[in-house]
1. Taking a quarter of the surface of the convex hull around the Cα atoms of the chain, what do you get in nm²?
2. Short version: what are the Cα gyration tensor semi-axes of region 34-122, square root of 5 times each eigenvalue, largest first, in whole Å?
3. To the nearest 0.05, how large is the calculated FRET efficiency for residue 200 and residue 136 if R₀ is 41 Å and r is the Cβ-Cβ distance?
4. Under a plain spin-label model, where a point goes 7 Å from the Cα along Cα-to-Cβ, how far apart in nm are residue 246 and residue 126?
5. At a 10 angstrom cut-off on C-beta neighbours, averaged per residue, how do the peptides 32-40, 176-184 rank from highest to lowest?
6. Using R₀ = 51 Å, calculate the FRET efficiency as 1/(1 + (r/R₀)^6) where r is the Cβ-Cβ separation of residue 183 and residue 266; round to 0.05.
7. How do 282, 45, 148 rank when sorted from fewest to most other Cβ atoms within 10 Å of their own Cβ?
8. Considering all projection directions equally, how large on average is the shadow of the alpha-carbon convex hull of region 252-308, in square nanometres?
């Protein structure tokens with residue numbers, strides 16, 4: 001038993017500028033990040049598992065409409081919502097993921113159910129919703145997911161027939177969490193509503209194990225946020241793990257190489273949160289900002305939005 005516990009969360013990265021943020025809105029974001037941090041950290045403090053902690057933190061973020069996940073999910077091309085999520089346990093490499101679900105209140109809960117109660121890793125669309133019903137998960141109607149700001153973004157994107165990254169040209173509103181529990185087990189989880197006005201059942205990196213979400217007790221746990229297509233092509237989360245496993249890099253070195261060098265070279269904007277088997281935390285991003293927070297039992301507590 002390590003007795004060392006740590007948790008990091010994110011609410012997305014992108015063009016997040018002080019100049020466009022009101023003090024009230026900033027306070028709101030910080031309050032919600034604090035709530036999600038508390039939700040996960042209380043579980044770790046009580047001796048709970050890292051998997052339970054990341055699920056609780058992500059659930060908290062999914063329930064808040066300012067983030068592009070769960071209740072705040074953006075509109076797709078036909079005015080609906082298609083949500084993706086994943087969760088992974090570093091202890092045994094078990095994972096569950098879901099993509100393209102519309103009415104499940106907390107997609108992360110469905111990802112967890114897939115990991116724990118099915119023999120599969122990924123379920124999508126109507127089949128995933130069928131499984132969610134069998135698992136007695138909570139469903140909500142369209143009214144629950146309706147958000148006037150999101151609706152207006154969709155209308156703008158429709159007019160110009162473009163796919164939009166959340167609520168500005170460059171804002172990746174994914175949410176995620178990584179944690180280490182008292183047993184030294186680590187876990188990761190990510191959830192997203194995808195891109196505004198997305199078509200054809202588009203899916204990003206969040207539910208792709210190894211791209212947007214990955215956890216392995218031997219190396220690290222990662223949750224990503226950014227331009228999904230480029231994160232998938234770069235297999236970002238697994239790349240960080242591999243640099244630690246095969247090249248012997250530290251968590252910081254591996255994260256920095258992937259986020260500030262490899263991704264930048266292909267135009268991959270975004271960031272990630274990471275925790276290694278020693279409880280070290282990294283939260284790098286190559287965009288203007290990233291909603292992020294972390295806490296451990298060595299006295300570290302941080303809630304940040306901008307670069308500084």
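1. 14.7 nm²
2. Values for region 34-122, descending: 23, 18, 7 Å.
3. The pair residue 200/residue 136 has a calculated efficiency of 0.85.
4. Modelled inter-label distance: 4.1 nm.
5. 176-184, 32-40
6. Calculated value: 0.85.
7. 148, 45, 282
8. Averaged projected hull area, Cα only: 4.1 nm².
Bear in mind these aren't lab numbers, they're just calculated from the coordinates by the rules spelled out. Since this is a predicted model, take the numbers as computed values, not measurements. When we count neighbours, we look across all protein chains shown, and the Cβ atoms used for this are built from the backbone with ideal geometry, even at glycine.
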